[in-house]
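*Asks:* One structure, as C-alpha cells, below. Some questions next.
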Amino acid sequence: MASDERKQIALDAISSRNELFLSAVAATADQVRGLLSGTGDVAEDQSVALGAFAKGRVDFNRFSSFTPKVAKIDAAAEAPIRAAQEVLKSLLAQGDELFVLHLEEGNNLSRKVGRRLSLIGRAFSAAHVIDLAKRGQYQEEEHAAMLEKFPFHKWNKSERALAPALVIELSAADFKPSVIVPYLDEHSKFVFKVEGDASAAALSRVISPGVFVQQETGDAALDAFAEFEGPAVAALVSTNAASFIHDPSAGETTYERFVSLEFPKEVKKLAIGGISVAQQAQDYALLESLSVVSVPTGDAASDPAGKLSAWLLSQSDLTGSSA
Amino acid sequence: MASKETTITAVPEHTVEIITNSGEGAQKCAQIFGQTCAKMGNGVWTVEIIPAEIEPPHHTVTSTSGNIIRFGTDKVTNWGDRSKLAIAFNDQVLLSRHRLDSFADDCIILHESIWENHEDEAIRDGYAKAMKEMSSKNYRFIKVPIEEETLKVVDNAQHGKNMFALGLLTEIYQRDLSIIEKQIAYIFRTKSAKVTELNVELVKNGMAWARENLDFQFIIDSVPAEESRVVMNGNQACALGAIAAGMEICAMYPITPATSVSHELCDIIESYGGMVHQAEDEIAAAGVALGASYGGKVALTVTSGPGLALKTEFLALAIMVEIPLVVLDVQRGGPSTGLPTKVEQSDLLAALYGQPGDAPRVVIAPRTIEECFHSMITARRIAETFRCVVIILTDANLATGVQQFTRPDFDERWQGELIDASPVPEGLRPYDWDHDTGMSRRIIPGTPGGQHTVTGLAHDEESRVSYDPGSNERGQRMRSRKLAVFQSTLMPPPIYGDEEGDLLVVGWGSTQGAIEEAVDRARAEGRKVSSCQLTFLSPLEPGLKEIFSKFRKVMTVEINYSDNLGDPYITEETRRLGQLCWVLRAHTLVDLDCWTSVPGQPLRPNDIYNSIIENIENGSST
C-alpha cells in the first residue's frame, strides 16, 4: 500500500481524539478572547453579552451600570494572558501537523516524542498561566517558562485524559516502540507508520493489561484502536510482520484479548538497524506466549506459528548479548 | 386504485400526521420530512405524539406514537388546528386521534390495508368498529398496502414501514428527494451503507406507489431563506445555547421531557471544555451544579416539574449564599409524576414561589425554539451579574417541537468573564452589600485574601452565622433588592396589535404563536383584540398595570388548570385561576380573567380564538 494511503489511515485513526483536543484549545482561546475583550461596562458590550433574548426587553445602558467591573484585566495580568493566547493560537494554526511526527533516520524516538508532547502541552500550561494571571499569582520568573515547554510528566490527570494522539513516521531501523511506554497513560494514543521491514512482532513489547495494541499489515482502518477508551498503540507495518489486535476489553486473560492474530509465513533473519535477530526472536516469542493458550504439545506442536518461533529462537543465543 | 388523473392543489400550508404504534419509527419519518421541508424553505412546526407509557400494548388506542408536522409557505409559529392528511399504520391509533378531534372534517387518511381482512377475528372486529365510529366524519379513507410493499424491500416490516410512508409524503407534497437522501444518510450515519441504501429504496417505493395509485398532490411553495438557517427542537436549542453561553457543567438526573438536553450536551460539550454530570438523583444534580458554580464554573442543572420540587433545598441554598445558578425546567403535565410526555405550563407558581422562606429568584420563559437558544445566554449573564438563581421555563411543546431559525452568529462576549479573581482588597467582606443595590462582589475559592466560609444559615456581611434580628432583616432586604434593581433594567413588554382595545390576551412561553394566530383571526373580523407575551416572569416586566388599563378586558391564556365558572361549587369566590392570572392580579390589582386548558397537548389557535370571542361577547369588563 502506498505511503500516503497508510498515512491517511493513521490520521483517520487519531482524528476524533485530536478534534477533542483542538476543540478544547479553541474553546479556551474563545474564553481568553472573552476575557480580554471584556463583558463590558458599556451598553454596546451588554447588548451582545446579554444575548438576543434580552433585545427589546432589557435596557442595556442601565444593565451595564450594574455589571461587575471585573472584565478589565489589570496591566500585570494582561501581558501573560496575551502570551498564553498567542500560544493557543499558534497550536491551533498548526492543525493536523501538530500531531504528526516525522522521525529523521537515526534520531532518538523517545526524545522526539517527549519534545512533541512538551510542545503540545503548552496548551495546558497556557491555561495554567491564564488562571494564575487572573488570580494575581503569576510570577514572570517562575511561570513564563511554562509557555515554552510543558513536558508530559507535568500534565495532570485531566490533561492526560485530553492528550491528543500522535502519528509517528519512522523507518524500521528506528522502530523501537517500547520507548513510548512511559507516555501510555489515560487516553494517550500513538500510531507508528513504519517504512521498510520491521521486526515481525515489534509491538509485542508494549503489550500490557490496559493497553490496546494493534499491529496492522494490511489496509484495514484502525476503528477499534480509535474507539478504545484508554491508552493505545498501533503500528502500520509491512506484510512480512505479524498482525494482531490486543484489546484489553475483550476478555479476562491475556490470550482472550487477542481478538485477531496472524503470523507471517516467513520471517527474515536479518538484523534491522540496531535490532538483532535475537531481539526480534524475543519479540516474536513474547507475542506467542501472550497470545497462545498453552504451550503446544503433541499434534499441536506442529502448529506453524509454534514451529516458526521455535526456529527463530534456535537461531540465537538468548542468554548472550549477540547482535 | 386504478389508473387515474392527478389533481394538483396549491395550498399555503398543510398539517400532516404520521401515526403508528410506539416503536414503528414515526418520529424518524417525521423528523426527516420536517427537516426536508425546512431545508426547502418552508416554515415548519412539528409536535411529537408520545404515548404516556414506555411500552404500551400494540394496536391499541393507548399505543399511539407519531408526529404532527405543520408546514407552509410562510413562517409557522405553532401546530395549528386540525390535520389535513394522516398516514396511520393501524385503525386503533387512527381512532385515538379521531377521538381527540385531531383531524379536519375533510382529512385524507392513508391507512394500512392489512387489518380489514386480518386472520384474527378480534382485529377484524376492532377495525370494523373503528371505521364505523369514524364514519361520522367526512374523512377520505385510502387503503395502502404499507406492510406488503415494505416487505418487498426488507424482511421485517417494522423496520421499514416508516420509510415507505415517508415516500408517500415525498410524492404527495413533491419534496426534494436529494435532501431526503442526505437526511437518511445522516440519520443512519453510524450504521452500514446498506442500511441507508435500503431506506432510500423504501422511500422510492413509497413514491412510486403514490404516483401509481393516488389521484392528488399538494403544492406548497417554498421560499429559500436568504440567510443561513438551522433546524432543531427546543431541547437541542437549549443545549447549544448552553454551550454558546460558555456553560461548563450541566448536572442532571434523567427526567422526561428534559433528558434530551443532556443527551445533546453529552455529544458535544466535552469538545468545548465542559462536561455533563449525571448525578444519583435530582437533589444531587442541583448540589453538583451549585458546587461547581461556587468553585467559579458556569453551571446549569436541567430538570422537569417533579425534579424542580426535589431541587428546592439546594435552590434555597444558592439564593441564600448568592451563588449564581441557571436551572432549566422543561415543564410537563403535573402534579406528581403527572403527564411525563405531555405539554403543560403548570410549574410557574412552583418556579416563582416553591420555596420555604423568602427566596427571590429570576424566572424567564422563552417563547420560541430560537429563544430557547438565546435565553441560555441571557440567563447566564443575569445569574452572574446579580449572583442569583435564574430559572428558565420551557415546556414539552418547545422541547420536542422542531422549527428553523436564523443561525446564531457566535460572539465571544456571550462567554465574557464576570469573575474577578484578583486579590480581594483588605477590608472587603464576603457580603459587602451595596446598600442601594444589594449587590456584592462574588469571591470564589482560591481568590487571594478572599478566604471565608459560606453557610445556609442566616449570616452577616462577614458570612458568619448570625441570628441577630438586624442582620437577618438586612440579608433578606439585600437579596430582594437585587431583583428590584434587575427589574429596573427591564422595559415594558411589546403589544401585538393595537395598544388599546376591547381585549388584551396575555400569555407566556410557548403559547405565543397560537395566541397571535388567534388574535390575527379575531382582528381580521374587526375585533379590537391585542396580545402580549411575557418573557420575564420574576421580576415581572414593568408597566403592566398601565398597559392593562387601556383595554376593556384582560385575559390570560395558559396551558394550566383553572376552574370554569358555573361548574358545581365554582363561583367568583371559589374559582381557582390560571397561574399567570393569579400572579398578574396580585401584581397589578387588575381583575383579570383567564382561559386555560390542560389537554396534555399544545393549545390550538382555533380554541383560543373561540375563547377570545366568548370573552368579548359574554365576559364582564376587567
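The values are calculated or read from the model by the stated rules, or taken from the named source; none is laboratory data. Owing to the predicted nature of the structure, the values given are computational and were not obtained by experimental measurement. FYI the Cβ positions are ideal-geometry reconstructions off the backbone, even for glycines, and counts take in every protein chain you see.
*Asks:* Kindly indicate whether any position in region A:150-161 is in contact with a His (Cβ under 6 Å, 6 or more places away or on another chain) and either of a type in the set (Asp, Glu) or outside any loop (DSSP other than H, G, I, E, B) (or both).
*Replies:* The initial filter retains those residues of region A:150-161 that are in contact with a His (Cβ under 6 Å, 6 or more places away or on another chain), namely A:161.
After this cut, where a residue has to be either of a type in the set (Asp, Glu) or outside any loop (DSSP other than H, G, I, E, B) (or both) as well, the list is A:161.
Yes; the residues of region A:150-161 include at least one that is in contact with a His (Cβ under 6 Å, 6 or more places away or on another chain) and either of a type in the set (Asp, Glu) or outside any loop (DSSP other than H, G, I, E, B) (or both).
*Asks:* So in region A:125-155, with the set limited to residues that are over 28 Å from A:His187 (Cβ atoms) and of a type in the set (S, T, N, Q), which one is farthest from the other protein chains (Cβ to nearest Cβ)?
*Replies:* A:Gln139
*Asks:* Read through the list (1) buried (at least 22 other Cβ atoms within 10 Å of the Cβ); (2) touching a Leu at 6+ places or on another chain (Cβ under 9 Å); (3) within 25 Å of B:Glu147 (Cα to Cα), then give the number of the only condition that B:Asp91 fails.
*Replies:* Condition (2) is where B:Asp91 drops out.
*Asks:* Follow-up. Which pairs have Cβ atoms under 8 Å, sit 6 or more apart or on different chains, and link a residue in region B:96-121 that is small (Gly, Ala, Ser) to one that is assigned to a loop (DSSP other than H, G, I, E, B)?
*Replies:* Filtered contacts from region B:96-121: B:Ser96/B:Val61; B:Ser96/B:Thr62; B:Ser102/B:Arg82; B:Ala104/B:Asp81; B:Ala104/B:Arg82; B:Ser113/B:Pro145.
*Asks:* Let me ask something additional. Give region B:441-457 a look and list any residue that's within 12 Å of chain A (Cβ to nearest Cβ) and over 35 Å from the mean Cα position of the chain (by Cα), or say none. Quick ask: steps written out before the conclusion?
*Replies:* Of all residues in region B:441-457, those within 12 Å of chain A (Cβ to nearest Cβ) come to B:441-450.
Residues satisfying the conditions are B:Arg441, B:Ile443, B:Pro445, B:Gly446, B:Thr447, B:Pro448, B:Gly449, B:Gly450.
*Asks:* Enumerate the pairs (first residue in region B:356-370 and among the small types (Gly, Ala, Ser) and modelled with pLDDT of 95 or more; second residue anywhere and in a loop (DSSP other than H, G, I, E, B) and crowded, with 21+ Cβ neighbours inside 10 Å) with beta-carbon separation below 8 Å, excluding pairs fewer than 6 apart on the same chain, so at least 6 apart or on different chains.
*Replies:* As it stands, the answer is B:Ala365/B:Thr535, since those pairs meet every condition given.
*Asks:* Something else: Do we have B:Ala86 as in contact with an Asp or Glu (Cβ under 7 Å, 6 or more places away or on another chain) and assigned to a strand (DSSP E or B) here?
*Replies:* yes
*Asks:* If you go through region A:182-207 one residue at a time, how many are on the phi < 0 side of the Ramachandran plot and within 17 Å of the chain's Cα centre (by Cα)?
*Replies:* Taking region A:182-207 as the starting set, the residues that turn out to be on the phi < 0 side of the Ramachandran plot are A:182-185, A:187-195, A:197-207.
With within 17 Å of the chain's Cα centre (by Cα) added as a condition, the list becomes A:182-185, A:187-194, A:203, A:206-207.
Final tally of qualifying residues: 15.
*Asks:* Also, quick follow-up: Specify which of the listed residues (B:Arg464, B:Arg474) is among the basic types (Lys, Arg), buried (at least 17 other Cβ atoms within 10 Å of the Cβ) and either free of Cβ contacts under 8 Å to residues at least 60 places away in the same chain or facing chain A (nearest Cβ under 10 Å) (or both). Spell out how you get there, then give the answer.
*Replies:* Working: B:Arg464 fails: buried (at least 17 other Cβ atoms within 10 Å of the Cβ).
The conditions single out B:Arg474.
*Asks:* Hey, could you check region B:363-372 for residues that are part of a helix (DSSP H, G or I) and out of contact with any Pro (no Cβ under 7 Å at 6 or more places or on another chain) and say which is farthest from the other protein chains (Cβ to nearest Cβ)? Outline the logic, then answer.
*Replies:* Applying the first criterion (part of a helix (DSSP H, G or I)) to region B:363-372 yields B:369-372.
Pick out the ones that are also out of contact with any Pro (no Cβ under 7 Å at 6 or more places or on another chain) and you get B:369-371.
Values: B:Ile369: 12, B:Glu370: 8, B:Glu371: 6 Å.
Among them, the one singled out is B:Ile369.
*Asks:* Regarding B:Ser375, is this residue out of contact with any Phe, Trp or Tyr (no Cβ under 9 Å at 6 or more places or on another chain) and facing chain A (nearest Cβ under 8 Å)? Full working, then the answer.
*Replies:* Working: out of contact with any Phe, Trp or Tyr (no Cβ under 9 Å at 6 or more places or on another chain): no; facing chain A (nearest Cβ under 8 Å): yes.
For B:Ser375, the condition - out of contact with any Phe, Trp or Tyr (no Cβ under 9 Å at 6 or more places or on another chain) and facing chain A (nearest Cβ under 8 Å) - is not met.
*Asks:* To continue, here is another question. Of the conditions (1) away from chain A (no Cβ under 12 Å); (2) touching a residue at least 12 places away in the same chain (Cβ under 8 Å), B:Leu418 satisfies every one except a single condition; which number is it?
*Replies:* Every condition holds for B:Leu418 apart from (1).
*Asks:* Could you grab me the full set of residues in region B:421-440 that are within 7 Å of another protein chain (Cβ to nearest Cβ), of a type outside the set (A, V, I, L, M, F, W, C) and closer than 24 Å to B:Ser471 by Cα? Don't jump to the end; show me each part of the working.
*Replies:* Kept after step one, since they are within 7 Å of another protein chain (Cβ to nearest Cβ), are these residues of region B:421-440: B:421-423, B:437, B:439.
Then drop every residue that is not of a type outside the set (A, V, I, L, M, F, W, C), which leaves B:422-423, B:437.
B:Thr437 - this is the single residue of region B:421-440 that is within 7 Å of another protein chain (Cβ to nearest Cβ), of a type outside the set (A, V, I, L, M, F, W, C) and closer than 24 Å to B:Ser471 by Cα.
*Asks:* What residue, of A:Leu50, A:Leu109, A:Leu103, is at the interface with another protein chain (Cβ under 9 Å from one of its Cβ atoms), in contact with a Lys or Arg (Cβ under 8 Å, 6 or more places away or on another chain) and modelled with pLDDT of 90 or more? Give the steps one after another, and end with the answer.
*Replies:* Details: A:Leu109 fails: at the interface with another protein chain (Cβ under 9 Å from one of its Cβ atoms); A:Leu103 fails: at the interface with another protein chain (Cβ under 9 Å from one of its Cβ atoms).
Answer to the selection: A:Leu50.
*Asks:* Pairs needed: first member in region B:422-441, over 21 Å from A:Asp131 (Cβ atoms) and not assigned by TED's automatic domain parsing to the domain that holds B:Val321; second member anywhere, part of a loop (DSSP other than H, G, I, E, B) and among the β-branched types (Val, Ile, Thr); C-beta distance under 9 Å; at least 6 residues apart or different chains.
*Replies:* Final answer for the pair search is B:Leu428/B:Ile443; B:Pro430/B:Val424; B:Pro430/B:Ile443; B:Pro430/B:Thr453; B:Pro430/B:Val454.
*Asks:* Output the residues belonging to region B:347-362 that are closer than 20 Å to B:Ala399 by Cβ and surrounded by fewer than 24 Cβ atoms within 10 Å (Cβ to Cβ). Steps first, please.
*Replies:* Here is the first cut: in region B:347-362, the ones closer than 20 Å to B:Ala399 by Cβ are B:347-348, B:350-351.
Result: B:Ala350, single match.
*Asks:* Would you tally the residues in region B:230-268 being assigned to a helix (DSSP H, G or I), small (Gly, Ala, Ser) and over 12 Å from B:Leu398 (Cα atoms)?
*Replies:* Filtering region B:230-268 down to residues assigned to a helix (DSSP H, G or I) leaves B:234-244, B:259-268.
Add one more test, that the residue is small (Gly, Ala, Ser), and what stays is B:234, B:237, B:239, B:241-242, B:244, B:260, B:262.
Now drop any that are not over 12 Å from B:Leu398 (Cα atoms), which leaves B:239, B:241-242, B:244, B:260, B:262.
Of the residues in that region, 6 qualify.
*Asks:* In addition: Kindly provide the set of residues from region A:223-264 that are β-branched (Val, Ile, Thr) and assigned to a strand (DSSP E or B), ordered by number. Walk me through how you get there before you give the answer.
*Replies:* Taking region A:223-264 first, the residues β-branched (Val, Ile, Thr) are A:233, A:237, A:239, A:245, A:253-254, A:259.
The answer is A:Val233, A:Ile245, A:Val259.
*Asks:* Inside region B:524-614, counting only strands (runs of 3 or more DSSP E) that do not spill past its ends, which hold 2 or more residues that are among the charged types (D, E, K, R) and surrounded by 15 or more Cβ atoms within 10 Å (Cβ to Cβ)? Can you show your working first?
*Replies:* On the way: elements: B:529-534, B:536-538, B:551-558, B:593-596.
Counting at least 2 such residues, we get B:551-558.
*Asks:* Take region B:378-414 and flag every residue that is at the interface with chain A (Cβ under 10 Å from one of its Cβ atoms) and assigned to a helix (DSSP H, G or I).
*Replies:* Listed by number, the residues that qualify are B:Thr378, B:Ala379, B:Arg380, B:Arg381, B:Ile382, B:Glu384, B:Thr385, B:Phe386, B:Glu412, B:Arg413, B:Trp414.
*Asks:* Show the residue pairs that are 6+ apart or on different chains and have beta-carbon atoms under 9 Å apart, the first residue being within region A:8-26 and within 13 Å of chain B (Cβ to nearest Cβ), the second being surrounded by fewer than 21 Cβ atoms within 10 Å (Cβ to Cβ) and of a type in the set (Val, Ile, Thr).
*Replies:* Qualifying pairs under 9 Å: A:Ser23/B:Ile268.
*Asks:* Identify the single condition in (1) at pLDDT 95 or above; (2) surrounded by fewer than 20 Cβ atoms within 10 Å (Cβ to Cβ) that B:Val223 does not satisfy, given that it satisfies every other one.
*Replies:* Among (1) at pLDDT 95 or above; (2) surrounded by fewer than 20 Cβ atoms within 10 Å (Cβ to Cβ), B:Val223 violates only (1).
*Asks:* Could I ask something else about it? Any residue that is more than 14 Å from chain A (Cβ to nearest Cβ) and either assigned to a loop (DSSP other than H, G, I, E, B) or of a type in the set (A, V, I, L, M) (or both) - is there at least one of those in region B:481-494? If you could, list the steps in order and put the result at the bottom.
*Replies:* Initially, region B:481-494 is screened for residues more than 14 Å from chain A (Cβ to nearest Cβ), giving none.
No, because not a single residue in region B:481-494 is more than 14 Å from chain A (Cβ to nearest Cβ) and either assigned to a loop (DSSP other than H, G, I, E, B) or of a type in the set (A, V, I, L, M) (or both).
*Asks:* On to the next question. Please name all residue pairs, on different chains or six or more residues apart, with Cβ atoms under 9 Å, provided the first residue is in region B:33-48 and is at positive phi and the second residue is surrounded by fewer than 22 Cβ atoms within 10 Å (Cβ to Cβ) and part of a strand (DSSP E or B).
*Replies:* Correct list of pairs: B:Gly41/B:Arg229.
*Asks:* For region A:147-161, which residues satisfy the criterion of being aliphatic (A, V, I, L, M) and free of Cβ contacts under 8 Å to residues at least 60 places away in the same chain? Walk me through how you get there before you give the answer.
*Replies:* Let us first name the residues in region A:147-161 that are aliphatic (A, V, I, L, M), namely A:147, A:161.
A:Ala161, the sole residue that qualifies.
*Asks:* Go through region B:226-258 and report how many residues are without any contact (Cβ under 8 Å) to a residue 12 or more places away in the chain and surrounded by 19 or more Cβ atoms within 10 Å (Cβ to Cβ). Spell out how you get there, then give the answer.
*Replies:* Of all residues in region B:226-258, those without any contact (Cβ under 8 Å) to a residue 12 or more places away in the chain come to B:226.
Those still in the list that are surrounded by 19 or more Cβ atoms within 10 Å (Cβ to Cβ) too: none.
Residues that pass the stated criteria total 0.
*Asks:* Does B:Thr588 count as at pLDDT 95 or above, within 14 Å of chain A (Cβ to nearest Cβ) and on the phi < 0 side of the Ramachandran plot? Talk me through it step by step, then tell me what you get.
*Replies:* Numbers: at pLDDT 95 or above: yes; within 14 Å of chain A (Cβ to nearest Cβ): no; on the phi < 0 side of the Ramachandran plot: yes.
When the stated conditions are applied, B:Thr588 does not pass them.
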